[in-house]
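The values are calculated or read from the model by the stated rules, or taken from the named source; none is laboratory data. As the structure is a prediction and not an experimental result, all values here were calculated from the model. Don't worry about glycine lacking a Cβ; one is built from the backbone with ideal geometry, like all the others, and counts go over all protein chains shown.
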């Protein structure tokens, strides 16, 4: 018999709900991917580079031209000058980046603080590294950090704190004051920071993304992860990157080179070309996705769901207590898909131990207008 290294891990809820949507014909607002394509010029660039023969291994750290574009973006947006050679690493997906960062830093017996609800890849990666996750619940309804709980959780075994902003699944944002408070808590301690910022450009209502890259003190002990897939509507390309000080980048790369070695070469060429030719794409993203959020929320206002508009990401959390309080959120998600033709994600799956009164589901609004209108019509009919 095989003794599993991850005995409590099964098929992810994202796969389960997408399969259920396919089986039932439900509109899939569950898994976080667009139902529209990335920019035509970007897709054409891939074909061009494939035909040009850029089909062999890229450098382990990433194509130099793409790393240089990332460094230029970071300087323009966050005011931080980073070395494309020593501080930027291209990875085949942000999840691989998160995994490699955790393996590089976490040792047997170390504790890693995560904030629930949290992305589901964090805990298994910590477990495989021999560490232990300390799960702290964000405060509802705004999903803010409980600073007293964090202060009490930090101890001699604390090795790493995982941040996620903009936050999946809630869309909540961390402010500069939060980063200052965090810096004060870990100052003088041997604690590192992993900042998951894959939705960095999806921030709404004129608010600013408080990246760890903006914070001089925290950056010196941080690895910051982002995603080309989220930014350019090409999640299936599985291409991301990590920015970290040289010493931390060196440790990350030691792991990365034995997990995947490098990312897909023609995709990196295409992204480098597109970033250079269309820098306005990033600036246009907040308005692009805010319009989708506002359309979906305006339509959903006629339903019996209650919600506060998401300040970031392309997810909208909604409370269904007025509809089926007798169902937990997993049951509710199945009921919505089977009986009403809309697939969602239950928020409890992002918790180690979900609150008993949690009645929240997550909708993805990275969809075409017609998809959002059809889904809202079905939800409003409940």
Say whether the condition of being modelled with pLDDT of 95 or more, closer than 14 Å to residue 66 by Cβ and not in a helix (DSSP H, G or I) is met by at least one residue in segment 294-305. no
Counting only residues that are under 12 Å from the mean Cα position of the chain (by Cα) and not in a strand (DSSP E or B), segment 157-171 contains a total of 7
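Per-residue answers, yes or no, for (1) buried (at least 19 other Cβ atoms within 10 Å of the Cβ); (2) in the same structural domain as residue 374 (by TED's automatic domain parsing); (3) closer than 19 Å to residue 15 by Cβ:
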{"position": "304", "(1), (2), (3)": "no, yes, no"}
{"position": "313", "(1), (2), (3)": "yes, yes, no"}
{"position": "317", "(1), (2), (3)": "yes, yes, no"}
{"position": "325", "(1), (2), (3)": "no, yes, no"}
{"position": "329", "(1), (2), (3)": "yes, yes, yes"}
{"position": "346", "(1), (2), (3)": "yes, yes, yes"}
{"position": "349", "(1), (2), (3)": "yes, yes, yes"}
{"position": "355", "(1), (2), (3)": "no, yes, no"}
Number of positions in segment 112-152 that are in contact (Cβ under 8 Å) with a residue 40 or more places away in the chain and touching a strand residue (DSSP E or B) at 6+ places or on another chain (Cβ under 7 Å): 12
Failed criterion for residue 335 (all others in (1) surrounded by fewer than 17 Cβ atoms within 10 Å (Cβ to Cβ); (2) farther than 24 Å from residue 167 by Cα; (3) in contact (Cβ under 8 Å) with a residue 24 or more places away in the chain hold): (3)
